[in-house]
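Worksheet: one structure, shown below.
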Amino acid sequence: MNKRSKAIIIALIAVPALGLTAAVAVPMVYRNFFVEPAAEAPMLSADDSALESGDGAPLDPESLSGDWVVGEGSYAGYRVDEVLNGSPVTVTGRTDEVSGTLTLDGLTLEQAAFEVDVASIATDSAQRDSYFRDQAIDASAHPTASFELTAPVTIPGEPAAGEVIEQTLTGDLSIAGVVRSVTFTVQLKSDGATAEIAGQIPVAFADFGVEAPNLGFVAVEPAGIIEFSIVAARA
């Protein structure tokens, strides 16, 4: 075999190999350098808190009774997996435009209602946000998403100030004008003056009449997570 023939064979082998390398490397480079990392999931801990105090003293149930109002430090949004330009990524959208109220009777959560301005939810891509706002959710017709508790919840025992506990909530979740009953777990804690609640709600988009986009350069998974972190103070 002459040198020219050897060169041709090497080239025929090398070109597909380079193409395979590029097919693997380019999405990894895109994911690692051009897509912002997903935000951390909302979770509470005894060390990371908006509470004014948390000395571990037992909370007086009667002191918790009354109305609470959602305020500064709260946020809500979504988490979804997608394939973007050939690279699998996790995307999170966030907004601090969250409002709501809670009513407690001692250690029983009697009422809870939260509302989110969906048009203000933002990710790292203005193009994605525009599609979400104008086509997926149709924010002009359905400007808010909401949750309303439908079954009271009682905390067993007297928690200590700043203690993180878990409870299961059931209520009506409204997205894009469609209401579905959901049940999910939250973490919560209080110092008697401020309360924090964090949680995630798995959802299938089709249940709310929302079609997960597949636009060629991006394909979104058919299910995602609604997540939130609520900070409430005495009214």
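The values are calculated or read from the model by the stated rules, or taken from the named source; none is laboratory data. All values derive from a computational prediction rather than experimental measurement. No Cβ is skipped: glycine too gets one built from the backbone with ideal geometry, and neighbour counts run over all protein chains shown.
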TODO: Mind counting the residues in region 129-143 that are in a helix (DSSP H, G or I), out of contact with any Gly (no Cβ under 8 Å at 6 or more places or on another chain) and either in contact (Cβ under 8 Å) with a residue 24 or more places away in the chain or hydrophobic (A, V, I, L, M, F, W, C) (or both)?
DONE: 3
Task: First in region 199-220 and touching a residue at least 12 places away in the same chain (Cβ under 8 Å), second anywhere and of a type in the set (S, T, N, Q) and not in a strand (DSSP E or B), Cβ under 6 Å, 6 or more apart - done: PHE217/ASN85
Task: Residue satisfying condition, being surrounded by fewer than 15 Cβ atoms within 10 Å (Cβ to Cβ) and in a strand (DSSP E or B), within set THR170, THR101 - done: THR170
TODO: Kindly indicate whether VAL182 is assigned by TED's automatic domain parsing to the domain that holds ASP134, touching a strand residue (DSSP E or B) at 6+ places or on another chain (Cβ under 9 Å) and assigned to a loop (DSSP other than H, G, I, E, B).
DONE: no
- [ ] Could you grab the pairs with beta carbons closer than 9 Å, sequence gap of 6+ or different chains, first residue in region 95-106 and within 10 Å of GLY66 (Cβ to Cβ) and assigned by TED's automatic domain parsing to the domain that holds VAL118, second one surrounded by 15 or more Cβ atoms within 10 Å (Cβ to Cβ) and aromatic (Phe, Trp, Tyr)?
- [x] LEU102/TRP68; LEU102/PHE114; THR103/TRP68; LEU104/TRP68
TODO: Might you check whether a residue that is surrounded by fewer than 16 Cβ atoms within 10 Å (Cβ to Cβ), among the small types (Gly, Ala, Ser) and at pLDDT below 50 occurs anywhere in region 25-46?
DONE: yes
TODO: Could you identify the single residue in THR194, THR168, THR183 that is touching a residue at least 60 places away in the same chain (Cβ under 8 Å) and hydroxyl-bearing (Ser, Thr, Tyr)?
DONE: THR194
Open item on the list: Tally up the residues in region 74-94 that are part of a loop (DSSP other than H, G, I, E, B) and at pLDDT 95 or above, please.
Closed with: 1
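Conditions tested, residue by residue: (1) farther than 17 Å from ALA212 by Cα; (2) among the hydroxyl-bearing types (Ser, Thr, Tyr).
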| residue | (1), (2) |
| --- | --- |
| VAL80 | no, no |
| VAL91 | no, no |
| THR101 | yes, yes |
| LEU109 | yes, no |
| ASP117 | yes, no |
| TYR131 | no, yes |
| GLN135 | no, no |
- [ ] Count, please, the residues in region 104-137 that happen to be more than 25 Å from PRO152 (Cα to Cα) and either buried (at least 18 other Cβ atoms within 10 Å of the Cβ) or among the small types (Gly, Ala, Ser) (or both).
- [x] 14
Open item on the list: Can you find a residue that is more than 25 Å from THR90 (Cα to Cα), at pLDDT below 95 and among the aliphatic types (A, V, I, L, M) anywhere in region 143-156?
Closed with: yes
TODO: Mind listing just one residue for me: the one in region 213-225 that is closer than 12 Å to ARG128 by Cα and of a type in the set (A, V, I, L, M) and, of those, surrounded by the most Cβ atoms within 10 Å (Cβ to Cβ)?
DONE: VAL220
Open item on the list: Looking for something closer than 18 Å to ILE201 by Cβ and either touching a helix residue (DSSP H, G or I) at 6+ places or on another chain (Cβ under 7 Å) or hydroxyl-bearing (Ser, Thr, Tyr) (or both) - is there at least one such residue anywhere in region 109-117?
Closed with: no
- [ ] Assess whether THR90 counts as being on the phi < 0 side of the Ramachandran plot, hydroxyl-bearing (Ser, Thr, Tyr) and under 16 Å from the mean Cα position of the chain (by Cα).
- [x] yes
